[in-house]
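Peer 1: Structure incoming, see below.
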Amino acid sequence: MRSFTKWGFAFGTLAFATACVVAGRDADPADWPGMASMQSVQGRSIYHECGATMIAESWAITAAHCVETARIEGGRRAIQYVPDEDGRLVRFGPITVTVGAGDLRRVAKDSVFLVKGITVHPGYTRGYPERGHDLALLNIDGRWKGPVARLDGLTGDAAAMAEPWSSLLVAGYGKSGEQAAGQEAVSRSGRHLSAPMMVLQEGDVPEVDPETCKAQIETLIETYDYGAEYDGVTVSPEWQMCAGTGYSDSCQGDSGGPLVQRGAEEPPVQVGVVSWGLGCGRAESPGVYMRVAAYADWISATTGIAPLTPP
């Protein structure tokens with residue numbers, strides 16, 4: 001397992017996409033069905049950690065690295081653990097999911113749920129999201145009655161969207177830049193809030209073909225002399241996809257959030273989950289996303305969500 005020192009360095013400089021959208025704009029949550037903020041609660045304080053999306057009444061999808069130190073206690077709720085100065089994991093607080101918020105300071109009571117179960121993809125290697133399979137499914141305690149995301153290859157079909165009128169977009173509450181400071185606020189109920197951004201952001205991120213992405217990632221690893229940490233890291237077109245050409249980009253705090261394909265008339269289809277990247281908004285440094293269509297069978301088997309029936 002990689003050291004927590006490296007994790008801290010990665011989040012501060014490499015910007016593993018636990019990230020806000022760089023060069024983004026305020027988003028209308030109605031355009032992002034199922035958009036969620038995965039949070040940790042400690043006493044009267046709430047901390048945004050990662051993005052997520054509701055994909056069914058009781059299930060959300062996020063990145064595995066967002067929950068790799070979480071534990072299920074009492075068989076009924078997920079608790080986040082964090083490293084102390086010696087690298088030992090200590091209890092922090094319960095994990096919750098807040099759904100459909102355009103502004104984290106203004107949240108309806110019936111949109112906040114405790115997480116009672118976590119299923120991490122069996123292929124994920126703890127501490128190494130860049131090696132792939134960086135997906136986790138969250139089982140919430142309760143039922144979300146609002147809209148949910150349509151997943152490519154399962155409940156949606158991105159291929160059916162007519163070109164050239166479709167585009168890729170990412171959304172989240174992450175940092176607006178690598179060195180951007182987080183935001184603090186007080187909710188209407190008097191609770192302390194901490195998040196990279198309080199207002200949901202979105203940005204256009206053009207797709208980067210796998211070979212170009214692979215070459216760019218390898219060049220960056222060599223340029224930054226990260227060979228020891230990322231030896232053998234590559235991009236698999238089978239289960240990963242790349243997006244972002246150096247302007248709008250996902251960043252720290254956006255991990256686990258949605259990459260969607262949006263057409264002129266069709267509802268959006270989620271094609272990816274924010275996973276990792278080298279920097280935020282840097283030229284020729286695309287973000288790497290998990291390709292959800294590649295995991296449709298696993299998602300269906302875990303959640304019971306039935307795939308679309310061909311017409």
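Peer 1: Condition (residue is out of contact with any helix residue (DSSP H, G or I) (no Cβ under 6 Å at 6 or more places or on another chain), closer than 30 Å to residue 198 by Cβ, buried (at least 19 other Cβ atoms within 10 Å of the Cβ) and not basic (Lys, Arg)) applied to segment 83-93: is it met by at least one residue?
Peer 2: Within segment 83-93 (the criterion being out of contact with any helix residue (DSSP H, G or I) (no Cβ under 6 Å at 6 or more places or on another chain), closer than 30 Å to residue 198 by Cβ, buried (at least 19 other Cβ atoms within 10 Å of the Cβ) and not basic (Lys, Arg)), the answer is no, since none of the residues qualifies.
Peer 1: Do we find that residue 221 is outside any loop (DSSP other than H, G, I, E, B) and closer than 17 Å to residue 52 by Cβ in this structure?
Peer 2: Against the criterion (outside any loop (DSSP other than H, G, I, E, B) and closer than 17 Å to residue 52 by Cβ), residue 221 does not qualify.
Peer 1: Same structure, new question: Being polar (S, T, N, Q) and buried (at least 18 other Cβ atoms within 10 Å of the Cβ) is the filter here; which residues of segment 195-232 pass it?
Peer 2: Within segment 195-232, 201, 216 meet the criteria.
Peer 1: Here is a follow-up. Which of the residues spanning segment 143-157 are over 16 Å from the mean Cα position of the chain (by Cα) and aliphatic (A, V, I, L, M)?
Peer 2: 154
Peer 1: Of all strands (runs of 3 or more DSSP E) completely enclosed by segment 237-311, which ones contain at least 3 residues that are among the aliphatic types (A, V, I, L, M), at pLDDT 75 or above and surrounded by 24 or more Cβ atoms within 10 Å (Cβ to Cβ)?
Peer 2: Of the strands (runs of 3 or more DSSP E) lying wholly inside segment 237-311, those with at least 3 residues that are among the aliphatic types (A, V, I, L, M), at pLDDT 75 or above and surrounded by 24 or more Cβ atoms within 10 Å (Cβ to Cβ) span 269-276.
Peer 1: Taking residue 107 as the residue in question, decide whether it is under 13 Å from residue 37 (Cα atoms), in a loop (DSSP other than H, G, I, E, B) and among the hydrophobic types (A, V, I, L, M, F, W, C).
Peer 2: yes
Peer 1: Out of all the residues in segment 65-81, which are touching a Ser or Thr at 6+ places or on another chain (Cβ under 7 Å) and of a type outside the set (Phe, Trp, Tyr)?
Peer 2: Result: 65, 66, 80.
Peer 1: What residue, among those in segment 24-49 that are touching an Asp or Glu at 6+ places or on another chain (Cβ under 7 Å) and at pLDDT below 95, is farthest from residue 188 (Cα to Cα)?
Peer 2: Checked segment 24-49; the qualifying residue farthest from residue 188 (Cα to Cα) is 24.
Peer 1: Let me ask another. Would you pick out the residues in segment 122-156 that are of a type in the set (Asp, Glu) and either surrounded by fewer than 16 Cβ atoms within 10 Å (Cβ to Cβ) or modelled with pLDDT of 95 or more (or both)?
Peer 2: Correct list: 134, 141, 152.
Peer 1: Check 70, 56, 78, 52 and return the single one that is within 18 Å of residue 170 (Cα to Cα) and at pLDDT 95 or above.
Peer 2: Just a single option satisfies the conditions, and that option is 52.
Peer 1: What do you reckon, is residue 264 touching an Asp or Glu at 6+ places or on another chain (Cβ under 9 Å) and of a type outside the set (Asp, Glu)?
Peer 2: no
Peer 1: Anything in segment 80-129 that is farther than 16 Å from residue 53 by Cα and of a type in the set (Gly, Ala, Ser)? List them, or say none.
Peer 2: Answer for segment 80-129, where residues must be farther than 16 Å from residue 53 by Cα and of a type in the set (Gly, Ala, Ser): 87, 93, 108, 123, 127.
Peer 1: If I ask for residues that are of a type in the set (A, V, I, L, M, F, W, C), surrounded by 22 or more Cβ atoms within 10 Å (Cβ to Cβ) and within 20 Å of residue 182 (Cα to Cα), which ones from segment 47-82 would you list?
Peer 2: Once the filter is applied, which keeps residues that are of a type in the set (A, V, I, L, M, F, W, C), surrounded by 22 or more Cβ atoms within 10 Å (Cβ to Cβ) and within 20 Å of residue 182 (Cα to Cα), segment 47-82 yields 50, 52, 66.
Peer 1: Say we look at segment 116-138 and pick out the residues that are part of a strand (DSSP E or B) and under 16 Å from the mean Cα position of the chain (by Cα); which of these is nearest to residue 76 (Cα to Cα)?
Peer 2: Here the answer is 118.
Peer 1: Going by the structure shown, is residue 73 over 24 Å from residue 298 (Cα atoms), among the acidic types (Asp, Glu) and in contact with a strand residue (DSSP E or B) (Cβ under 8 Å, 6 or more places away or on another chain)?
Peer 2: Yes: the conditions hold for residue 73.
The values are calculated or read from the model by the stated rules, or taken from the named source; none is laboratory data. As the structure is a computational prediction, the values presented were derived from the model and not from experiment. Cβ atoms come from the backbone with ideal geometry, glycine included; neighbour counts cover every protein chain shown.
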